[in-house]
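Have a look at the structure below, then the notes.
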Amino acid sequence: MPEPRWSIDDVPEKPGVYLFRDAAGKVLYVGKARKLKSRLRSYRRPGGDGRLLIRFMEEVAASVETIVTRTEGEALLLEDTLIKQHKPDHNIRLKDDKSFLMLRLDSEAFPRFKFVRAHSPRQDRREGEAKGRARFFGPFASARAVRRTLSDLHRVVPLRDCPDAVFANRSRPCIKHQIGLCAAPCVGLVSAEEYSRLVEKAAAMLSGDTAELESELEGRMQAASAELEYERAAQWRDRLAALRRTVERQGVRAGDHVERDVLALARRGNDAVVHRLAFRAGRMSESRSHLFRSELPDEELWHDVLTALYGNGRRDVPAEIVLSVEPAELELLEGTLGTGTRLVVPQGGERRRMLDVAHDNARIALAKRESEEAFEEAALERLASLCDLAGPPEVIDCFDISNLQGTHVVASRVRFRGGHPDKAGYRRFKVRGVEGQDDFASMKEVVGRSLRRGVEEDDLPDLVVIDGGAQQLAKALEAREEAEAWEVPMIGLAKARSERTVGEKRKESSEERIFLAGAADALDLARHDPGRLMLERIRDEAHRFAITYHRRERGKIRSQLDSIPGVGDTKRKALLRRFGSVAGLREAALEDIAAVPGIGRELAERIRQHLESPQA
């Protein structure tokens, strides 16, 4: 086996950063080391055959560049900077698997717990507390877990759960007050001070601090039993059980109060998931999976995972991090994470049980990812078959037009890569060369602009999806010809409306149809066809992206008219209907503006004066 193409002969035994590059100079991987030469030597297999532990280093890497730093901490900071700059293919990029289900408690006179979703529980919690407006509790595993938690919570602490509109308009207590689930603050049956104490009890329950409340409920149950009030004792027993269930659903409870993160890894091939359980104040405060791809062996991968999770102050570093495998460069990691942080690989006991829980979650997340990837692969193969493509389309662009009564026409292009949204490929367009409402001409313009740029930059998609039927597709095909992007396949996607009889009633339904270039008839797609589901997902994203842009731009137009005294919502709409746009209104004669119902000569002069001012 030949020696690798890169040499470490001149590499020093000092802290620093190393960059593997291919023959063209592209950075493949960035790493840090306490001793650069020893680190690079460790990549070679034991036994002296010269082969490398990591395949891409053997097959692709042509050179290695090293940068010496004064300290290990400087190496960590430089590594982070270089990864952001070069975005190497083989450095892991952690992605969260989902948003988080939380309970929010707003700062108001008689607050209630509200069910919300958040993409970053820790960040939202910090922001809410800093602003003094809200407190967050969670995350929870599912919506069902939240509902059951709230149900049990109200059995112990009778807080309101009605919407603000209902709360403000009640004149007598509801049935929940009669069965002991609400203190009825809506009609003044509890003071603000007493209600505040109930809120703090509920917050303590959700924070895991329940010892005092458990003792109180236990005492009441025993007292009722001693007085032979067994029915009342059963009520206190049920409330005590509800309290304990609430805490259990909130998270796993630890036997100590050490700030601890437990990280477990599940992988199959290059697909990997790291699941993180965060324990604070003796309970689990966060549970999250991070998805990525990597060819690195476990020891090397853990080194990168810890840097990605905690490097450069991305999140608070706990006193203890529990791992399944000791990472490479352990001393360097412990030094850069902080002197108070220990990395632990447990062999048994409570930490091992926590690690098993995290590992189970990692395996589930990996299985879910594999299931989604299998669907996406089947959907792309189905699209290749439907559209007569040479292979599954890796890059798919979809175009959508959005307008308001023919005014302010905008368009969107979303790009999916490998079945996933590629936000870097999203584009917005203002339609400039079309007068009035002409969706067909607008589609031709934006598709042509996109394809011409794609030809210039060698960035053409494998498939273009047009939101529309045969006529929109025909205009897009004309744009393709003019842009000389003949090799790009195009299809149209539109719904076909139909009526069917159900019992004695007739119901309208719609089915998706694909329009192919040159085909006489459209293809009807079954409701559960994987190709249809993929196309609907792409089309819906294009529609969302276009609508968002259109609303933003429409708001800019409205502000120009809304700032004119005497022009409200009704008159603004009447002016836009009559003249089509603010530009059309500027060019209109004063008499024509005054003739619009509700405007008149005086207001027309005011409008004209405002639009001719430099600020308009």
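The values are calculated or read from the model by the stated rules, or taken from the named source; none is laboratory data. Keep in mind that what you see is a predicted model, and the values were worked out from it rather than measured. Methodologically, a virtual Cβ is constructed for each residue, glycine included, from the backbone with ideal geometry; neighbour enumeration extends over all protein chains shown.
Looking at (1) touching a residue at least 40 places away in the same chain (Cβ under 8 Å); (2) assigned by TED's automatic domain parsing to the domain that holds ARG532; (3) small (Gly, Ala, Ser), can you tell me which one ALA378 breaks?
Here ALA378 meets the rest and fails (2).
Criterion first (under 22 Å from GLU536 (Cβ atoms), crowded, with 20+ Cβ neighbours inside 10 Å and in contact with a His (Cβ under 6 Å, 6 or more places away or on another chain)) does ASP439 satisfy it?
no
Need pairs with beta-carbon distance below 7 Å; first residue over 13 Å from GLY518 (Cα atoms) and within the stretch 455-478, second assigned to a loop (DSSP other than H, G, I, E, B) and of a type in the set (D, E, K, R); sequence gap 6+ or separate chains.
So the pair list comes out as VAL455/GLU484; ASP462/GLU394.
Among the listed residues VAL258, VAL190, identify the single one that is under 20 Å from ARG112 (Cβ atoms) and either at pLDDT 80 or above or outside the structural domain of GLU320 (by TED's automatic domain parsing) (or both). Even if it seems obvious, please write down each step before you answer.
Details: VAL258 fails: under 20 Å from ARG112 (Cβ atoms).
Residue meeting the stated conditions: VAL190.
Answer with yes or no whether LEU355 is in contact with a Lys or Arg (Cβ under 7 Å, 6 or more places away or on another chain), more than 21 Å from ASP462 (Cβ to Cβ) and not in a strand (DSSP E or B). Even if it seems obvious, please write down each step before you answer.
Details: in contact with a Lys or Arg (Cβ under 7 Å, 6 or more places away or on another chain): no; more than 21 Å from ASP462 (Cβ to Cβ): yes; not in a strand (DSSP E or B): yes.
Answer is no for this residue.
Take ARG352 and tell me if it is of a type in the set (D, E, K, R), touching a helix residue (DSSP H, G or I) at 6+ places or on another chain (Cβ under 7 Å), at pLDDT 85 or above and over 30 Å from ALA441 (Cα atoms).
In short, no.
Working only within the stretch 382-430, note down all residues that are of a type in the set (Asp, Glu) and either in contact with an Asp or Glu (Cβ under 8 Å, 6 or more places away or on another chain) or surrounded by fewer than 16 Cβ atoms within 10 Å (Cβ to Cβ) (or both).
Within the stretch 382-430, ASP388, GLU394, ASP400, ASP422 qualify.
Just to be sure, is VAL434 crowded, with 16+ Cβ neighbours inside 10 Å and closer than 15 Å to HIS543 by Cα?
no
Out of the residues in the stretch 226-255 that are outside any helix (DSSP H, G or I) and not hydrophobic (A, V, I, L, M, F, W, C), state the one that is modelled with the lowest pLDDT.
Taking the stretch 226-255 as the starting set, the residues that turn out to be outside any helix (DSSP H, G or I) are 227-229, 251-255.
This time we only want the ones that are not hydrophobic (A, V, I, L, M, F, W, C), so: 227, 229, 251, 253, 255.
Values: GLU227: 81, GLU229: 79, GLY251: 41, ARG253: 51, GLY255: 57.
Checking each candidate, the answer is GLY251.
Could you list all residues from the stretch 157-181 that are in contact with a helix residue (DSSP H, G or I) (Cβ under 7 Å, 6 or more places away or on another chain) and either at positive phi or not in a loop (DSSP other than H, G, I, E, B) (or both)?
Within the stretch 157-181, PHE167 is the sole residue that qualifies.
Please go through (1) at pLDDT 80 or above; (2) under 30 Å from ALA365 (Cα atoms) for ALA223 and return the number of the only condition it doesn't satisfy.
All conditions pass for ALA223, except number (2).
Within the set of pairs 6+ apart or on separate chains, which have a first residue in the stretch 79-91 that is basic (Lys, Arg) and crowded, with 16+ Cβ neighbours inside 10 Å, a second that is modelled with pLDDT under 85 and part of a helix (DSSP H, G or I), and C-beta atoms under 8 Å apart?
Cβ pairs passing all conditions: none.
Out of (1) among the hydrophobic types (A, V, I, L, M, F, W, C); (2) at pLDDT below 80; (3) buried (at least 18 other Cβ atoms within 10 Å of the Cβ); (4) within 22 Å of GLN235 (Cα to Cα), the odd one out for CYS182 is which?
(2)
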